[in-house]
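The values are calculated or read from the model by the stated rules, or taken from the named source; none is laboratory data. Because the structure is a prediction, the values reported are computed rather than measured. Quick reminder, even Gly has a Cβ in these numbers, built from the backbone with ideal geometry, and neighbours come from all protein chains shown. Side chains are part of the model used for accessible areas, which takes the heavy atoms of the whole protein and leaves out ligands, DNA and RNA. Shrake-Rupley method; radii C 1.70, N 1.55, O 1.52, S 1.80 Å.
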Amino acid sequence: MDKVISKQQLILNQALHQSEDNFGNRETAAGFAKYLPETLNRFNELGACNSFLDYGTGKGKLVDTLRQACKNEIKIQGYDPAVGKYACKPDSPFDIVGCFDVLEHIEMESIDAVLRDIHSLTKIFCYLVIDLQPAVKKMQDGRNAHILLAPPEWWTSRVAQLFPCITAFPAMHACGLPQKVVIAAAKKPKHMGLVYSFLMKQRIFKMTMHGGVLQKKYLQK
C-alpha cells in the first residue's frame, strides 16, 4: 500500500508543529466542529454513534475538547503521523471520522492513499473540511503549507471514487470567494439521513469565513 506521508513531508510537518504553536491546534476547527460535542452526544442517545476519530488531529486540542464534553460511552481518538502522541494509527474503524483542514497538506502522490485510509477507518460516514486557498504559513523548504490546492469538483470526484454517497458544498469567505469545501460521505445510502442531520446540527451552511490570504481582498472590497 502507498504511504500516507513521505519521510520528507513527515519531517517538514513535524518541524511546523514544533515552530508554530497554533498550527494544528484549534479546538473548534475554525468553527466547523463548534457544535460537534452536542451532535455526537445526541447521536449517541439515538444509537447512531459510539465512536469518533479526528483524522489529522495535529496537537489534539479538538480531541481534548470532545473528551471533556462528550459522554464517556463515546470513544474519542485522534490520529496524526506527524505528532508523536497521536502517531499510532487505529486498528479498527470509527462510526464517524472527521478530517479538518488536513487534506490540503497532503502530497499529490499520497492523497489517494490517505483517502483510502479514511475510508478504511470510517464505519458510517466521514466529515471532511478542505481548504481551497493558500495558507498564511510556509514550511521550512519555502513551500506554502497548503501543498495540494484543487477545485471543489476535484475533491468531490476523488471522494466519490471510494464512497457511494456524498454531499458537498462550499464555505465562503467574506470577500465572496470559496474558502473551503465541505464533504460528507457515507458508506451506505441508508445513512444519508444521518449525514444531513449531522450537517444541519453543525450550523455551517450560512457560515462566512474571515482572515487568511483572502482577507486583503475582503478589505479592498
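So the values come out like this:
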item: Number of the condition not met by residue 141 [criteria: (1) surrounded by 23 or more Cβ atoms within 10 Å (Cβ to Cβ); (2) not in a strand (DSSP E or B)]; result: (1)
item: Residue within segment 122-134 that is part of a loop (DSSP other than H, G, I, E, B) and under 16 Å from the mean Cα position of the chain (by Cα) present; result: yes
item: Which listed residue is hydrophobic (A, V, I, L, M, F, W, C), in contact with a Gly (Cβ under 9 Å, 6 or more places away or on another chain) and either open to solvent by 70 Å² or more (accessible area, probe 1.4 Å) or modelled with pLDDT under 95 (or both), from 200, 207; result: 207
item: Given (1) farther than 23 Å from residue 207 by Cα; (2) part of a loop (DSSP other than H, G, I, E, B); (3) open to solvent by less than 60 Å² (accessible area, probe 1.4 Å); (4) hydrophobic (A, V, I, L, M, F, W, C), number of the condition residue 33 does not satisfy; result: (1)
item: Residues of segment 137-164 satisfying the condition of being in contact with a helix residue (DSSP H, G or I) (Cβ under 6 Å, 6 or more places away or on another chain) and closer than 21 Å to residue 21 by Cα; result: 139, 140, 146
item: Test: residue in segment 49-65 that is closer than 24 Å to residue 166 by Cβ, in a helix (DSSP H, G or I), open to solvent by less than 20 Å² (accessible area, probe 1.4 Å) and in contact with a helix residue (DSSP H, G or I) (Cβ under 9 Å, 6 or more places away or on another chain); result: yes
item: Residue in segment 101-116 that is open to solvent by 30 Å² or more (accessible area, probe 1.4 Å), at negative phi and under 14 Å from the mean Cα position of the chain (by Cα) present; result: no
item: Residues satisfying the stated conditions in segment 174-190, i.e. touching a residue at least 24 places away in the same chain (Cβ under 8 Å), open to solvent by 30 Å² or more (accessible area, probe 1.4 Å) and over 17 Å from the mean Cα position of the chain (by Cα); result: 176, 177, 187, 188, 189
item: Segment 144-170, subset more than 28 Å from residue 215 (Cβ to Cβ) and assigned to a strand (DSSP E or B), residue most open to solvent (accessible area, probe 1.4 Å); result: 166
